[in-house]
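Below is one structure; the comments refer to it alone.
The values are calculated or read from the model by the stated rules, or taken from the named source; none is laboratory data. Bear in mind the structure is a predicted one, so any value in this text is a computation, not a measurement. Because the Cβ atoms are built from the backbone with ideal geometry, glycine has one as well, and the counts that use them run over all protein chains shown.
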Amino acid sequence: MSSTDTRPAVSDRALRRDGAGAGLDTLGAGLDALETGHTQRASSGQVLRAKVLPPVLALVLVVGAWQLAYSLHVTSPEKLPSPAQVWHALTVLWDEGTLFSIVWTSLWRGISGFLAAVAIGTPIGLIVAQVKPIRAAIGPVLAGLQSLPSVAWVPAAVIWLGINNSAMYAVILLGAVPSIANGLIGGVDQVPPLFLRAGRTLGATGMRGARHVLLPAALPGYLAGLKQGWAFSWRSLMAAELIASSPDLGLGLGRYLQNQREFSDMPGVVLGIALIFVVGVAIDLLFFSPLERRVLRSRGLLAAR
């Protein structure tokens with residue numbers, strides 16, 4: 001004879017007594033907060049302690065270790081100048097009025113070359129990611145170009161185009177376009193197929209689908225490719241300025257660094273390296289980091305970082 005096993009339902013009061021109900025309430029409140037996108041804004045003091053203080057302390061430690069090495073005569077002063085000597089080289093450029101022009105010459109080339117690389121690399125990445133025969137043919141070429149050192153293009157660009165700005169931009173494009181295209185290809189590969197099917201159902205096909213569905217969904221990978229593309233642009237430009245020299249090119253950071261090496265001016269060499277480093281970090285902090293935070297915040301991922 002069969003029988004039906006009936007168990008008494010657990011009351012809400014019992015759930016709350018052993019803590020399960022409280023856990024469900026907490027979970028529900030957390031989901032509601034995530035759904036509304038409400039996040040507590042950090043105070044200015046918290047921002048200073050979390051964002052400003054660590055890099056300032058790191059800089060102080062680096063300069064302190066540098067000064068200690070100089071004071072202990074770890075190597076000769078001709079090879080390791082003191083921080084004060086490098087600061088003096090900076091003040092000399094400032095007093096001469098050439099500091100801004102040196103930085104701006106390289107910065108303008110780097111930014112304009114990077115924007116041109118974005119305009120070229122983005123459609124290449126979209127086409128390669130979407131068309132399988134083209135991907136089979138060009139995909140390995142892009143990967144190989146990305147691994148090729150940018151300095152290898154400088155002699156060829158000089159022979160092809162001469163020692164002028166065209167050669168500089170050619171080196172930037174050859175260094176940055178593969179990184180941007182590969183970043184977009186990787187982002188497209190990570191887009192869930194459900195998004196694409198939903199977009200086609202709603203009529204987003206062709207360029208509309210790429211603009212409204214594919215690119216927004218692939219944005220994290222594309223943004224990583226853009227950051228890497230800027231790094232390649234900046235490094236390629238510095239390599240080109242170090243090697244190619246012409247009065248028509250003006251005095252950029254790479255050429256300034258090479259000039260100081262030729263003069264055996266080690267404080268100037270260290271200053272050139274520091275300026276190249278500062279410009280690269282500044283672009284990342286002022287542009288790419290805020291853009292990345294905005295993308296993560298829009299996708300509900302910032303709190304997880």
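One table, with the values for the structure above:
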item	result
Residues of the stretch 153-181 satisfying the condition of being aliphatic (A, V, I, L, M), surrounded by 13 or more Cβ atoms within 10 Å (Cβ to Cβ) and over 23 Å from the mean Cα position of the chain (by Cα)	VAL154, ALA156, ALA157, VAL158, LEU161, ILE163, ALA167
The stretch 62-111, subset among the aromatic types (Phe, Trp, Tyr) and farther than 30 Å from GLN228 by Cα, residue farthest from the chain's Cα centre (by Cα)	TYR70
In the stretch 242-281, residue surrounded by the most Cβ atoms within 10 Å (Cβ to Cβ) [restricted to those that are part of a loop (DSSP other than H, G, I, E, B) and small (Gly, Ala, Ser)]	GLY252
Selected residue (only one of GLY250, GLY280, GLY254 is on the phi > 0 side of the Ramachandran plot and in the same structural domain as VAL118 (by TED's automatic domain parsing))	GLY250
Helices (runs of 4 or more DSSP H) completely within the stretch 37-130 that count 3 or more residues being at pLDDT 90 or above and out of contact with any strand residue (DSSP E or B) (no Cβ under 8 Å at 6 or more places or on another chain)	53-71, 83-96, 99-130
Restricting the stretch 211-232 to residues that are buried (at least 21 other Cβ atoms within 10 Å of the Cβ) and farther than 17 Å from VAL295 by Cα, the residue that is modelled with the highest pLDDT	TRP230
